[in-house]
């Protein structure tokens, strides 16, 4: 399914886009379900700089029709698996971002297992992942751990 989305790698962001991402990354409605709550300007720029030399991480600003709609990321990338994360900037873009995550993971990275951890209080995200075929494979006091296998996705 062609989504007409454009992914812009964080390492290619211009100054305006870097500031834009930082603004949303530190938004209390977005970061309440993130492990790192408040990022300084310097930390943000260092993080982007370090991505240039780290083949185990990829972060993208996602555009639809020239409008930034969210961020998707892939971390702990190996030959067989990776973990993903996402946050929407526009309301109601979760399904679009999830489709792009699955497409990129299985068709570009060509991994077999796509994983994520979800804060237990983040029912909205958990329901989105389950709707997209993910299964809960483990849990602890704080997180659910979810997985989607490329075989079951249809890749």
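Readers should treat all values here as calculations from the given coordinates under stated rules, not as data from a laboratory. Source: prediction; values computed, not measured. Virtual Cβ from ideal backbone geometry, glycine too; neighbours counted across all protein chains shown.
Take the Cα radius of gyration of the stretch 5-112 and divide it by 2.2 N^0.38 Å, with N its residue count; two decimals is plenty.
Working: Rg = 13.3 Å, N = 108, 2.2 N^0.38 = 13.0 Å.
In units of the globular-protein estimate, the stretch 5-112 measures up at 1.02.
So, by mean Cβ neighbours within 10 angstrom, what's the order for 70-78, 89-97 with the highest one leading?
Values: 70-78: 17.6, 89-97: 15.8.
Averaged packing, sorted descending, gives the order 70-78, 89-97.
Taking 7 Å along the Cα-to-C-beta vector as the label spot, tell me the residue 49-residue 110 distance in nanometres, rounded to one decimal.
Roughly 3.4 nm, to one decimal.
Kindly state, to the nearest 0.05, the FRET efficiency for residue 145 paired with residue 19, given R0 = 41 Å and r defined as their beta-carbon distance. All intermediate terms of the calculation are to be shown ahead of the outcome.
Details: r = 33 Å, r/R0 = 0.81.
Rounded to the nearest 0.05, the efficiency is 0.80.
For the chain, what's the relative contact order in percent, using C-alpha pairs closer than 8 Å and at least 6 residues apart?
Values: 222 pairs, mean separation 26.2, N = 155.
Averaging sequence separation for qualifying contacts and normalising by length gives 17 percent for the chain.
Length gain on complete extension for the stretch residue 120 to residue 40, per 0.36 nm per residue less the alpha carbon to alpha carbon distance? Mind showing how you got there, number by number?
Values: separation 80, 0.36 × 80 = 28.80 nm, distance 2.66 nm.
Net length gain for the segment: 26.1 nm.
For the stretch 70-155, what are the per-bin percents of Cα-Cα distances with bins 5 Å wide, up to the bin holding the maximum?
With 5 Å bins starting at 0, P(r) equals 3, 15, 28, 27, 18, 8, 1.
Quick one: among 114, 128, 86, which has the greatest mean-square fluctuation in a GNM of the chain with alpha-carbon springs under 10 angstrom?
128
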